[in-house]
Amino acid sequence: MQRRNFVKTIAAGSIGASVLSPMESLAEVKPKPKKVLMKVGCQSGGTTEENLQLKGRCGVYNIDGGSPKFIPGVGWDLEDSFRKRDACEKYGISLDAYHWALTSAGIDKVSVPNVMLGKSPERDREIDMLNQMIMVAGKTGVKVMNYNTTILPVLRTGKTVDSKRGNAEYSTWNYAEALKRNDPKTIAGDVDIDEMFERITYLLDRTLPVAKEYNVKLANHIADPPTPAGYRGITRWNSPDVFAGIKRFAQLYDSKYHGFNFCIGSIAEGLKDPKNDIIPIIRWAGERNQIFNVHLRNIKGGWNNFQEVYPDNGDMNFLQVVRELREVGFDGMVMPDHVPHHHDPLANWQSFAFCYGYIKGLIQAVTEEAAV
């Protein structure tokens, strides 16, 4: 460029800049999106050859492998855990998590009921087994244990058919309908929120030191769904105010091994405006580095009345959700957990495959944003 033209260009640029006010200039400056660390994952199907091949075809290379074989009175079979890891590695899949024996099946079906019944010395023997399971996970290189601290099982009142999605059936919860059924109390009887937290802290006081020793994070799942206080005698630890329950649980311990299997769907079930209310909850837990795993499940509705739907036709904006996960630096798995049902014998696989692709697309979208 000739010197005369270069000077003209610089002068024009300087004049253009001078007409912008300081506030206008600042308004144009936006922080660069953070690097994407999360990956698509799954917790369904275990580590069978069939399932691992399916995961590979869907581009899912991080999984929760379920649980190793159970040895009564002991815990998990370490050799079986190594077999699970080796089976995953054959297909380039990382075995990132296990399901601890504290499941969402409910107090009548869970294999270690006395922990949440608060019954000693039986719960102490169960906690010994749970600690052995942490050891097995740690020795196998599994870094996350997903678990539940619930008495009631997952609660639903029926299914809703959607003719616009091929007669898919959406699992539905309606609290008013549940009250009409007048379901009985469990063997736990009445348990208030303070008793619930006493039992949780009794467990974690004795397991978090073992989790630290073996470098395994303990990821608690939100009770599904949040319910009004005292439903069937039980006040769930995240009820009736789901955000308050999350804060209370999170602040029990200052430990990088204490956090959440962060189920977006179950949290949304306790909100009146899921689309907008979910974002500050993600930000609060994420900034504390207590989101260890994410269940990306969408719903229609909210507190006391909802349907579990596909990720693209619910009330929450999942692009907005995944952006927020990116910004808080979440680096774990984003996975479907519950999917819509249908009578077609292949429907379950179809629904999961759809969800994997959708999540991969979301992650790619926010990755491209961050690269601009």
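Where a number appears in this text, it was derived from the coordinates with a stated rule and is not lab data. What you see is a predicted model; the values in this text were computed from it and never measured. Positions of Cβ are backbone-derived with ideal geometry, glycine not excepted, and every protein chain shown enters the neighbour counts.
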>> Test of understanding: what is the full-extension gain from Gln364 to Asp331, defined as 0.36 nm times their sequence separation minus their Cα-Cα distance?
In response: 10.4 nm
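Cα gyration tensor of segment 61-185, axes a ≥ b ≥ c as square roots of the eigenvalues: rounded (a/c below 1.5), prolate (a/b > b/c) or oblate?
Since a/c reaches 1.5 but b/c is at least a/b, the shape of segment 61-185 is classed as oblate.
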>> How far apart, in nanometres, would the label points at Asp128 and Tyr91 be if each is projected 7 angstrom from Cα along the Cα-to-Cβ direction?
In response: 3.8 nm
> Are any of the pairs Lys119/Lys217; Lys69/Lys109; Lys164/Lys275; Lys55/Lys247 more than 29 Å apart by Cα-Cα distance, and if so, which?
Replying inline: Lys55/Lys247
> Residue by residue, what Karplus-based ³J(HN,Hα) values in Hz, rounded to whole numbers, does segment 266-278 have, using 6.51, -1.76 and 1.60 with θ = phi - 60° and x for Gly and Pro?
Replying inline: 5, 5, 4, 4, x, 10, 8, 9, x, 4, 8, 6, 6
>> Rg/Rh for segment 220-372 to two decimals, with Rh computed the Kirkwood way over all alpha-carbon pairs.
In response: 0.97
>> Restricting everything to alpha-carbon atoms, can you work out Rg to Rh for the chain with a Kirkwood hydrodynamic radius?
In response: 1.06
> Lys217's amide H: which non-local residues (gap 5+, or another chain) put their own amide H closer than 5 Å, with H modeled 1.01 Å from N in plane and none for Pro or chain starts?
Replying inline: Val144, Met145
>> Could you tell me the calculated FRET efficiency between Leu346 and Arg83, based on Cβ-Cβ distance and R0 = 25 angstrom, to the nearest 0.05?
In response: 0.35
> So what is the calculated 222 nm ellipticity per residue for the chain, using -39500 (n - 2.57) for each DSSP H run with n of 4 or more, over all residues, to the nearest 500 deg cm²/dmol?
Replying inline: -13500 deg cm²/dmol
> For the residue pair Asp108 and Lys256, what label-to-label distance in nm results when each label sits 7 Å from Cα along the Cα-to-beta-carbon direction?
Replying inline: 4.3 nm
> Can you pull the Kirkwood radius for segment 102-162, inverse mean 1/r over Cα pairs, to one decimal in Å?
Replying inline: 13.3 Å
> Length gain on complete extension for the stretch Ile279 to Ala176, per 0.36 nm per residue less the alpha carbon to alpha carbon distance?
Replying inline: 34.3 nm
>> Taking amide H atoms as placed 1.01 Å from N in the peptide plane, list the residues 5 or more away in sequence, or in a different chain, whose amide H sits under 5 Å from that of Met316.
In response: Ile299
> Taking the Cα centre of segment 82-225 as the origin, how large is its charge dipole in debye, to the nearest 20, when only Lys and Arg (+1) and Asp and Glu (-1) carry charge on their Cβ atoms?
Replying inline: 640 debye
> Rounded, prolate or oblate: which one fits segment 52-122, using the alpha carbon gyration tensor with axes a ≥ b ≥ c (rounded when a/c is under 1.5, else prolate when a/b beats b/c, else oblate)?
Replying inline: prolate
> Roughly what % of DSSP beta bridges within the chain run antiparallel, to the nearest 5?
Replying inline: 40 percent
>> List the residues, sorted by chain then number, that are 5 or more residues from Asn167 or on another chain and whose placed amide H is less than 5 Å from its amide H.
In response: Asp162
